Amino acid sequence: MSHERTPVVVKLGGSCLDDLDGAWWDDLARYGQEHPLVLVHGWSKPLKKLSPRYGEPSAILRDRYGNQSRWTTPGVIEDIKAVSAKLAEEVFARLGRRGITGERLLGSDGLVSAGEAERWWWQDKQLVELENLVGPITGVDPAALKNLQSGHACLVTPLATNAAGQEVNTDADRAAAALAGATGATDLVLVTDVAHLLIDGKPVRRITARAAASFRDKGATGGMRKKLRAADEALDAGVERVVLGSAPVTDLLAARTGTVITRT
């Protein structure tokens with residue numbers, strides 16, 4: 001892939017999208033005038049706004065290995081698509097006013113493939129067999145991203161298709177990592193609602209993948225644990241740096257703030 005078509009991949013956390021002000025979008029648009037953008041969005045907060053049931057504890061399942069996942073049925077897939085379409089309208093309106101064109105892609109439209117889902121989940125302190133339309137990412141076909149060019153943004157809804165042809169939910173952070181590796185991106189930016197990775201209550205400005213993985217397995221919880229797993233997968237796939245934080249993209253890429261994770 002030529003340098004001109006090598007994107008930066010930015011994961012936009014569903015919990016922080018409402019908090020990104022005009023200056024943040026100004027910064028992204030200026031960067032996007034010089035670099036192709038692949039944006040991957042979360043949907044946790046929009047889903048909770050759509051229906052109170054998505055905020056209930058029963059909406060989240062935990063498998064026998066301790067991993068959490070949203071309980072996803074065909075109805076949930078349709079709700080994800082609905083909130084994603086509305087979110088895309090808002091993102092493209094903000095970027096369009098700043099001179100960036102855009103297109104929305106469903107990962108399940110030939111872009112992202114997924115493996116077999118875990119079938120055993122904890123419910124009422126018992127392991128029960130459930131059909132949950134989720135799956136680990138097994139591949140990305142970058143050919144589906146046909147318009148990687150400066151001044152243009154591809155917004156990806158992180159759904160996938162499994163071997164049985166089913167449309168499934170997948171983790172947005174790890175989808176962003178897989179997309180970054182498949183497109184040859186040098187940087188993956190995880191925009192979240194926290195300014196830095198915190199270890200023992202102290203902000204970490206730079207950390208190696210090995211140290212981040214150790215903290216992930218011993219001390220990280222919830223969303224940060226998934227982000228650190230995604231960072232490790234991105235670096236394994238050839239991405240040079242993963243940066244996470246709540247600042248404008250150019251500040252994160254320049255390491256003026258946030259946490260930078262590198263292989264060494």
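Note on the chain: with a GNM built from Cα contacts shorter than 10 Å, the maximum mean-square fluctuation among 160, 144, 88 falls on 144.
How would you classify segment 97-236 from its alpha-carbon gyration tensor, with a ≥ b ≥ c the square roots of the eigenvalues: rounded for a/c under 1.5, else prolate if a/b is greater than b/c, otherwise oblate? Oblate is the answer for segment 97-236, as a/c is 1.5 or above yet b/c matches or exceeds a/b.
Sequence-ordered 3J(HN,Hα) estimates for segment 118-123 from the Karplus curve with 6.51, -1.76 and 1.60 and θ = phi - 60° stand at 5, 10, 10, 9, 7, 9 Hz, glycine and proline given as x.
Radius of gyration over Kirkwood radius for segment 1-128, both on Cα atoms: the Rg/Rh ratio is 1.04. Here is the tail figure for segment 164-212: Cα pairs spaced more than 16 Å apart come to 60 percent of all pairs.
Length available on full extension from residue 147 to residue 98: 0.36 nm per residue minus the Cα-Cα distance, which gives 15.8 nm. Placing dummy labels 7 Å off each Cα toward the beta-carbon, the span from residue 199 to residue 23 is 3.0 nm. Taking 0.36 nm per residue of sequence separation and removing the Cα-Cα distance, the residue 44/residue 123 pair yields an extension gain of 26.3 nm. Here the chain exposes an accessible surface that is 49 percent carbon and sulfur, computed with a 1.4 Å probe and the other protein chains kept in place.
The alpha-carbon atoms of segment 178-264, seen along their principal axes, cover 34, 26, 22 angstrom, with the largest extent given first. Taking each pair of distinct Cα atoms in the chain once, what is the resulting Kirkwood hydrodynamic radius in Å? Over the chain, the inverse of the mean reciprocal pair distance is 18.6 Å. Calculated accessible area for the chain comes out at 47 Å² per residue, all protein chains present (probe 1.4 Å; ligands, DNA, RNA ignored).
The values are calculated or read from the model by the stated rules, or taken from the named source; none is laboratory data. Because the structure is a prediction, the values reported are computed rather than measured. Cβ sites come from the backbone with ideal geometry, for glycine too, and all protein chains shown count toward neighbours. We work out accessible area using only protein heavy atoms, side chains counted, and drop any ligands, DNA or RNA first. Shrake-Rupley method; radii C 1.70, N 1.55, O 1.52, S 1.80 Å.
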